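See structure below.
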Amino acid sequence: MFDSSNLPRDGRPRVRWHGLVGAGTALHLARAAAALRHPLLIVARDAAEMSRLEDELRFFALPSLPIVAFPDYETLPYDQFSAHPDIISQRLRTLSRLPGLATGIVITDLATSLQRLPPRSFVDGHALTLRVGEALELEPFRLRLTAAGYASVPQVGAPGEFAIRGSLFDIFPMGSEVPLRIDLFDLQIDSIRSFDPDTQRSDQRLEHLELLPAREFSLAPESIRDFRRRFRTRFEGDLTRMPVYRDVGEGLAPAGIEYYLPLFFDRTATLLDYLPASATVILPSEHDAGLREAWHSLVERFEERRYDIVHPVLDPAEICVPVDEWLAATTALPHILLGAAPLLPALADMPATTSLQPLPAVPVVDFRTEPAPSARIDQRREETLHAFADQLRFTEGRVLLAAESAGRRELLLELLRPYAITAKVVGTWREFLDSDARIALTVAPLASGVTLRDPAVTIYAEEQLFGERARQERRRRRTDRDPARIIQQLADLRPGAPVVHEDYGVGRYTGLTTMDAGGMTAEFLVLEYAEGDKLYVP
């Protein structure tokens, strides 16, 4: 059982957690979430850490514990292109769930937590539930969808789209993983089914569907009118030369419209406004510096673009919450600080007239986790396998080996079999704890291992064993990509080499070919798949 004394309590709303390394952080956060009767808001340092924590939390947490992520737009502030519809869908799905979230985990990153959001009344007011047997008049419903930001298309393929074909009404609701098909009989909903957008074949039958707005703002006539009025009060110049003003006036959502969101509303909200008041916030110890770095980057982007008379931009304080205001709102809630950074502010940052007051004592909880013992396997060097087998035999307590995929799991089993090491294959963390196996093997996306004291378990992650991670980063996850490195990787390709495409998986590189595309001649990489299919990548 998780010790409740490790959590914030009345009178002591702040607790510092110390001594957490590797996967131990996610494990103890999952334990805390299970022990609390209200949600945890975990604010990671950046998008990469958020992705890692989310994966690890899903492995350690109970299946019944909700884990919802609130991602960033994966665009830079003031960019003139918009987030992928899947990202907007996930953000809206999270916002719709938060007010009623009695327990569970919400995870975001520092920069995203500063963003100003639509008020709760907008998401609530534009949500709609349709049930089988209800009456549905298509034309009023079509106008309502258009005002909510949905796009009418010939064939539905992405979130935020709908298509009407006679008595069939296809829609890809925001927040849904699959598109849905509504079959009408006269003006009544006869059936609701999910379907495959590629084959158009219907699948699972549903009794109802829930619709969220397609965007974080409305394109209803009154919203457009308010946007244009506020735009005129913010910016001077020839409005006819400003694409954003012109497009919104025509009922369109131009690229980059997310950074004009405050112009659609009298008042905006923050992520905290969507959370129950009893939520506990988890902050990295260096959150102050991380927030100020994000704010500094935002101001730099603003300074680069503030004199653009064709694409004017809003002040940073209009699209994001100032750091001091965010800190005041967040640290007023019960919160846990991860790490052992000093609590006192730097003297150099304080006014000369400031008199230091003693800060209240902050309880420190030391979990005393340690990195997993060093281990490295090289399939070409038998001595490394032998040494690792001996290490497993003499490790105190139980051992869990975490592979990145089922294939790597089977490889580990094969490598250990000649050394009489038998590992029980388990599917989940809970299954491992409930088993009596001393050594077990599972598939889990853990970035690094850890040695725990309670329970006495050593977890080895694949990166420790093989030196590099085999798993692919999830699609559209923003990473720091060096163009020079990409070119070098392409130059290193040889015909027959395996290549991982982020959308289509593992194929084999067969060479380059020249093709005409859009009236231009360009070189394409040719990837061949096991089914005989070929993919041409520009």
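The values are calculated or read from the model by the stated rules, or taken from the named source; none is laboratory data. Note that this is a predicted model, so its numbers are computed, not measured. Virtual Cβ from ideal backbone geometry, glycine too; neighbours counted across all protein chains shown. Heads up: the accessible areas ignore ligands, DNA and RNA and are worked out on the full protein's heavy atoms, side chains in. Shrake-Rupley method; radii C 1.70, N 1.55, O 1.52, S 1.80 Å.
Of all residues being of a type in the set (A, V, I, L, M) and within 23 Å of Pro140 (Cβ to Cβ) in the stretch 211-247, which is modelled with the highest pLDDT? Just the residue, please.
Top of the filtered list is Ile224.
Hey, Asp315 hits all of (1) closer than 30 Å to Gly256 by Cα; (2) of a type outside the set (Phe, Trp, Tyr); (3) modelled with pLDDT under 90 but one; which does it fall short on?
Exception for Asp315: condition (3).
For the stretch 193-225, enumerate the residues that are closer than 15 Å to Leu128 by Cα, open to solvent by less than 20 Å² (accessible area, probe 1.4 Å) and assigned to a strand (DSSP E or B).
The answer is Leu209, Leu211.
Restricting attention to the stretch 240-255, report how many residues are surrounded by 14 or more Cβ atoms within 10 Å (Cβ to Cβ) and not in a loop (DSSP other than H, G, I, E, B).
7
When residues of the stretch 109-139 are filtered for being open to solvent by 50 Å² or more (accessible area, probe 1.4 Å), in a helix (DSSP H, G or I) and closer than 14 Å to Gln188 by Cα, how many remain?
Total meeting the criteria: 1.
Which ones in the stretch 258-304 are of a type outside the set (D, E, K, R), over 25 Å from Arg229 (Cα atoms), part of a helix (DSSP H, G or I) and touching a residue at least 40 places away in the same chain (Cβ under 8 Å)?
Hits for the stretch 258-304 are Leu271, Leu272, Tyr274, His287, Gly290, Leu291, Ala294, Trp295, Ser297, Leu298.
In the stretch 82-103, is there at least one residue being part of a loop (DSSP other than H, G, I, E, B), in contact (Cβ under 8 Å) with a residue 12 or more places away in the chain and of a type in the set (Asp, Glu)?
no
Of everything in the stretch 442-497 that's open to solvent by less than 40 Å² (accessible area, probe 1.4 Å) and of a type in the set (D, E, K, R), which residue is modelled with the highest pLDDT?
Ranking the qualifying residues of the stretch 442-497, first place goes to Glu462.
Pick from the stretch 305-340 the residues that are part of a strand (DSSP E or B) and of a type in the set (A, V, I, L, M, F, W, C): which of them is most open to solvent (accessible area, probe 1.4 Å)?
Leu338
Which is in contact with a Ser or Thr (Cβ under 9 Å, 6 or more places away or on another chain), part of a loop (DSSP other than H, G, I, E, B) and either closer than 28 Å to Gly19 by Cβ or not aliphatic (A, V, I, L, M) (or both), of Glu431, Glu396?
The conditions single out Glu396.
Filter the stretch 185-194 for residues that are modelled with pLDDT of 90 or more and not charged (D, E, K, R); which is nearest to Phe172 (Cα to Cα)?
Filtering first and then ranking leaves Ser194.
So in the stretch 167-181, with the set limited to residues that are in a strand (DSSP E or B) and open to solvent by less than 20 Å² (accessible area, probe 1.4 Å), which one is nearest to Leu92 (Cα to Cα)?
Among residues in the stretch 167-181 that are in a strand (DSSP E or B) and open to solvent by less than 20 Å² (accessible area, probe 1.4 Å), the one nearest to Leu92 (Cα to Cα) is Phe172.
Do the conditions hold for Glu56, that is, is it under 18 Å from the mean Cα position of the chain (by Cα), charged (D, E, K, R) and not in a helix (DSSP H, G or I)?
The answer is no for Glu56.
Quick one: would you say Ala328 is under 21 Å from the mean Cα position of the chain (by Cα) and under 29 Å from Ile105 (Cβ atoms)?
Criteria not met by Ala328.
Go through the stretch 140-155 and give me each residue that's exposed (fewer than 14 other Cβ atoms within 10 Å of the Cβ) and free of Cβ contacts under 8 Å to residues at least 24 places away in the same chain.
Once the filter is applied, which keeps residues that are exposed (fewer than 14 other Cβ atoms within 10 Å of the Cβ) and free of Cβ contacts under 8 Å to residues at least 24 places away in the same chain, the stretch 140-155 yields Pro140, Leu143, Ser152, Pro154.
Take the residues in the stretch 241-257 that are in contact (Cβ under 8 Å) with a residue 40 or more places away in the chain and small (Gly, Ala, Ser); name whichever of them is farthest from Arg91 (Cα to Cα).
Looking at the filtered set, the residue picked out is Gly251.
Considering only residues that are more than 24 Å from the chain's Cα centre (by Cα) and either over 17 Å from Ile377 (Cα atoms) or of a type in the set (S, T, N, Q) (or both), which ones fall in the stretch 413-429?
Matches in the stretch 413-429: Thr422, Lys424, Val425, Val426.
Going by the conditions given, is Ala375 in contact (Cβ under 8 Å) with a residue 24 or more places away in the chain, in contact with a helix residue (DSSP H, G or I) (Cβ under 9 Å, 6 or more places away or on another chain), more than 11 Å from Thr458 (Cα to Cα) and assigned to a loop (DSSP other than H, G, I, E, B)?
So Ala375 fits the description; yes.
Just checking, how many residues over the stretch 156-166 are over 24 Å from the mean Cα position of the chain (by Cα), buried (at least 20 other Cβ atoms within 10 Å of the Cβ) and assigned to a loop (DSSP other than H, G, I, E, B)?
Residues in the stretch 156-166 being over 24 Å from the mean Cα position of the chain (by Cα), buried (at least 20 other Cβ atoms within 10 Å of the Cβ) and assigned to a loop (DSSP other than H, G, I, E, B): 1 in total.
Which pairs have Cβ atoms under 8 Å, sit 6 or more apart or on different chains, and link a residue in the stretch 406-425 that is in a loop (DSSP other than H, G, I, E, B) to one that is of a type in the set (Val, Ile, Thr) and at pLDDT 90 or above?
Between residues of the stretch 406-425 that are in a loop (DSSP other than H, G, I, E, B) and residues that are of a type in the set (Val, Ile, Thr) and at pLDDT 90 or above, the close pairs are Ile421/Ile439; Thr422/Ile439; Ala423/Ile439.
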